[in-house]
1. What residues qualify as long-range amide H neighbours of residue 370, i.e. H under 5 Å apart, gap of 5 or more or another chain, H built at 1.01 Å from N?
2. Along region 435-447, what does the Karplus equation 6.51 cos²θ - 1.76 cosθ + 1.60 (θ = phi - 60°) give for ³J(HN,Hα), rounded to whole Hz, x for Gly and Pro?
3. Pulled fully out, how much extra length does the chain show between residue 38 and residue 433, if you take 0.36 nm times their separation in residues and subtract their Cα-Cα distance?
4. Hey, what do the phi angles of region 427-433 turn into as Karplus ³J(HN,Hα) couplings, whole Hz, using 6.51/-1.76/1.60 and θ = phi - 60°, x for Gly and Pro?
5. Could you please state, rounded to a whole Å, how far the C-alpha centre of region 144-172 is from the C-alpha centre of region 401-447?
6. Give me, ordered by chain and number, the residues 5 or more places off residue 258 or on other chains with an amide H under 5 Å from its own placed amide H.
7. As a test of understanding, state the convex hull volume per residue of the chain from its alpha carbons, in Å³.
8. I need the calculated FRET efficiency for the pair residue 88 and residue 221, taking r as the beta carbon distance and R₀ as 56 Å, to the nearest 0.05.
Amino acid sequence: MNPTLMDTEIAQERRLVTEIPGPRSQALLAKKTEAVSSGVGVGLPVFIERAGGGVLVDVDGNHLIDMGSGIAVTTVGNANPMVADAVASQARDLTHTCFMVTPYEGYVDVCEALNRLTPGDHAKRSALFNSGAEAVENAVKIARYATKRPAVVVLEHGYHGRTNLTMALTAKNMPYKEGFGPFAPEIYRVPMSYPFRDGPHGGKEVALWATTKIDKEVGPHNVAAIVVEPIQGEGGFVVPAPGFIAGLAEFAREHGIVFIADEIQSGFCRTGDWFAMEHEGVVPDMITTAKGIAGGMPLAAVTGRAELMDAVHAGGLGGTYGGNPVACAAGLAAIRWMEDNDACALARTIESVMMPRLKAMQENFPQIGDIRGRGAMLAIELVEPGTTNANAALAAALNKHCHSHGVVTLTAGTYGNVFRFLPPLTMPMPLLEEALSVLESGFEACV
Ligand code: PLZ
């Protein structure tokens, strides 16, 4: 492995020195309960102090294997030294001006990098924001402005954020939407290709169901944008069947609808390509990015066709912190790291180690109904053997087992029965193997 990948002083091992959570984490959890809104939950209540490579170190000194990257954020590794140096140096020079008041070069450099790296060789422009949800909101604003149309089409199982508009775009009620309505109007949800659950119906056929619904129930001339995740994130790493994304994109093109790829979770080398859309052979009109873009600093973007991005009146887009100089410096460093270290190849190596292990587990444990994803964005869907009936209880039990054995794992999916893997690309292979062994012992213990 390239030595820069392992540029951390943290011992790359799973080491449990207390129960999980340990006494100091438990004390902090009690403090959290008193200070933090209970609406903000935590998946695994160990308080983290340091992290790097493939390891999170908690306040009790436990070393945990990180199979989540803070939900696909620390793709270049946590506290990546290139990112940390760029952040420190930028923070000493300048922390903020507000780009809309007096600009600075880092913002422009991030936009140039995005215009260069995102799919398509057409003229592009970008605008920067703070969070994924904010990027999606702005993509919709721009599409509505440019098309002068109100409607937005999204997919079953999709996730786009927690703000009012993006909650409306998000499919799943609990925990994202319950009690938080009323939601923004003019959002229409159409079928998503879900190969594990679609029986004989292929991507083109499901795309036809979706476009027919738009045709009959919305009217394509009313639709500003179709927003899709090329691989769904929170929805359970659903990889649509071939032809589905292309079918929707073709329909969008025919009807002057802006085709928006939400690559907030799947982007920046996560799937073994810079962007998951490349695998579909589709060039979106607009793409939203966040998470992996800046190694943990809050940065998000909309990148799109110049004529769309330049349609909005000056002053129509912005925000106090969007494209903050420190976040931009982190983004540029993270992008440089991904280019220097061939991050896409690292993601593919992770897939090549994980896939055979997961397939071998499936032989022994028929509760694994489906294995899917690409690169370092992989998941297993858990079912009652021989059926597609969701087994959310097993997902929860496995998650608990992994947590108590020092592996930070995440679940996902509309039915809560998907176990997903998002390791940082700096994960040492022996640790990856060990995390899989813990999972395997979880199956042995739980089924
Ligand atoms: N679009 C595709 O995956 C964020 C959500 C975690 P923000 N996914 C993690 C949670 O429970 O809040 C996400 C995404 C896709 C948009 C978003 C929203 O990004 O940065 O969380 O706003």
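The values are calculated or read from the model by the stated rules, or taken from the named source; none is laboratory data. Computed from a prediction, not measured in an experiment: that's the story for all the values here. Note: ideal-geometry Cβ built from the backbone for every residue, glycine included; neighbour counts use all protein chains shown. Side chains are part of the model used for accessible areas, which takes the heavy atoms of the whole protein and leaves out ligands, DNA and RNA. Shrake-Rupley method; radii C 1.70, N 1.55, O 1.52, S 1.80 Å.
1. HN-HN under 5 Å from residue 370: 381.
2. 4, 5, 5, 5, 4, 4, 5, x, 4, 4, 7, 9, 8
3. On the way: separation 395, 0.36 × 395 = 142.20 nm, distance 3.54 nm.
Additional length available on full extension: 138.7 nm.
4. Residue by residue, region 427-433 yields 5, x, 4, x, 5, 4, 4 Hz.
5. Spelled out, the Cα-based centre of one part sits 31 Å from the other.
6. 225, 226
7. Values: hull volume 63.7 nm³, N = 447.
Each residue corresponds to 143 Å³ of Cα convex hull volume.
8. Details: r = 52 Å, r/R0 = 0.93.
The value I calculate is 0.60.
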